[in-house]
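The structure appears below as structure tokens.
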Amino acid sequence: MENSRVISGFKDLMLDSRIMHALDDMGFESPTEIQSQAIPLIREGKDIIGRSQTGTGKTMAFAIPAIEKIRPEEGKVQALIMCPTRELALQCSEEIKKLTKYINGIRTAEVYGGAPMDKQITKLKRANIVIGTPGRIMDHMRRRTLRLDHIRFVVLDEADEMLSMGFKEDMETILRETPEERQTVLFSATMPPSILALTGEFQRDPQLVEVSRKQLTLDNIVQKYVDVPMGRKTDALKLLLHYYRPSLAMVFCNTKKMADELTESLQKGGFNADAIHGDLKQSQRNSVMDKFRCGTTAVLVATDVAARGIDVNDVEFVFNYDIPQNNEYYVHRIGRTGRVGKDGTSITICSGRKQTLALTEIVRGLKCSISEIPVPTGDDIRSKMYEKNTESVVSVLESGKGKAYTEMVNMLLEKGYSLFDIAAAALQMNFSDQEIRIADIKQERKQYGKRSDTDFSRILIDIGRSSHAAPNHIVASLTERSPLHGSDIGKIEIYDDYSVVAIPSASVDEVLDRMYGAKVCGRPVKTSVFEEKRHTQPHFRAGLPENHRKDRKNRHLSAVSDTRSQRGGRKNGYTHNSRRKGK
């Protein structure tokens, strides 16, 4: 819906002067598209449906009119804002507090799971705006510590996400407990049938406000991707982090387990990294976010749901470690960078044709462009590091700050040292801690994970796909316990209940010794030299029925097993082997 009046600045919205003062303090001059369209309609009392992604300023779009509607003298809860996650509820509350800096009597209460109930009850007694997750709002309603009979304004923020998280019944119950004459504002990134049903039942003649999807995807965000061999994603991410050296970066994974494992690997690699996901207690989540906002943590590894509501304006890079599940997740992820007019970069790490095609489909659906880049080599990283360090030295020289040390330079000159030697020593003292082990990184990208195995031997680890083992799990175990680096490890073949790994022949004995007592995926494993005769490897053949994958576990299906062996049967990496001992 287009607003008939052209709005170029917040002054055109005729806002309360105290709110305008707060906006000036926050550094905002002009409203975003969603704000310029939604605020006038909400102030008129209209129910609206706002179709908007994260990073568009939608929180302020409903927070400003919500504040204007509050009558502090009533002493009752008059506005209710429902959010899918604790982070989003906290972000919304912080925004309202900033906007009401010069307004007396506006009091918020944030209610969400994982936090002490007694403190929330105390805040609810004085609040006139409540922001929370549906589950905890319901808890307070049952306890009668939250009454909704004076509610005149309700916001459903990221309604599609609340529905997907299973809050449908809670949302409906809460809405039915509010007065019928209330004003209802709904924001959602998507419009599935469940959202339309919700608006049909609980809104009156809602007005649609929509923000351009193209603008959200392209503005200020450079999109790139790398294609790396299977099992080398972690190595690639570390190389990219070494090369770009972002002050703040977010890395997205599809599961909590992967977020934890990746964070642990990054920490062992010397990166200041933390993970945030749904299994953390609220105190832990607050601690993680505080460290990220102040820059103590440079890399935040997150799942999609946990990242909802994270609002940090200075994120330079977003890395998609796992391919997003759909277009909307992709937009939500990359929208964490390139905020408030700043430039940002997103890099998606693909592994193989299937993942590259999945990313291509996402980009095509969003009508945006993305370019492939190579994984940086050791020489690339060294050159980039020297370039940045040179810029730092030039900055000091141009500022004149180095003149304070001229006396020390003269003393060294008197001792017979040349200016060249003095400069080199000073640079070594200042930048030596930034040196990384580059000697083991291969110089050509074609060697990255595609090296010849002629100087390799193969070892066998007795864990496979049936135990959910993946290449990154095996690489992590080998590099943790042995002197091997990720770039040393060759081809990894994962079968149903064992894996074959190519490693440098000269390292076999030491690796076998070091892997004694090792665990992969939390399970103790045995490692031995791979014997070709004991482990046949039939060629891949697609199209076998799903139940044939478990033939090896059923010793009575010898006829089927023999047929699969004759056909060279192997499905999705699950290798049948009827000739192994004990079969």
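The values are calculated or read from the model by the stated rules, or taken from the named source; none is laboratory data. Since we're looking at a predicted model, the values are computed, not measured. Using ideal geometry, Cβ is built from the backbone for each residue, glycine included, and neighbour counts are taken over all protein chains shown. Remember, those area values only see protein heavy atoms, side chains included, never the ligands or the DNA or RNA. Shrake-Rupley method; radii C 1.70, N 1.55, O 1.52, S 1.80 Å.
Odds and ends about this structure:
- Taking all protein chains as they are arranged and a probe of 1.4 Å, the heavy atoms of TYR417 leave approximately 120 Å² accessible to solvent.
- Too-long pairs where the Cα-Cα distance tops 31 Å, listed order kept, from LYS233/LYS281; LYS123/LYS257; LYS58/LYS281; LYS123/LYS268; LYS11/LYS224; LYS268/LYS403: LYS123/LYS257; LYS123/LYS268; LYS11/LYS224; LYS268/LYS403
- Sorting ILE121, ILE70 on solvent-accessible area from highest to lowest, probe radius 1.4 Å, gives ILE121, ILE70.
- Spatial offset of segment 473-492 relative to segment 332-400 amounts to 26 Å, using the alpha carbon center of each.
- Karplus-derived 3J(HN,Hα), 6.51/-1.76/1.60, for each residue of segment 92-107, Hz, glycine and proline x: 4, 4, 4, 5, 5, 5, 5, 5, 9, 3, 10, 10, 8, x, 8, 10
- When the surface is traced with a 1.4 Å probe over the full set of protein chains, MET411 keeps roughly 100 Å² accessible.
- Remark: accessible surface ordering of ARG176, ARG333 (largest first) is ARG176, ARG333, probe radius 1.4 Å.
- Gap separating the Cα centres of segment 266-282 and segment 74-103, nearest whole Å: 28 Å
- Cut-off 9 Å between beta-carbons: net charge of the residues surrounding ALA109, Lys and Arg +1, Asp and Glu -1: +3
- For segment 335-406, the share of accessible area belonging to carbon and sulfur comes to 53 percent (1.4 Å probe, ligands and nucleic acids excluded).
- For SER283, the solvent-accessible surface computed with a 1.4 Å probe is close to 80 Å², ligands and nucleic acids excluded.
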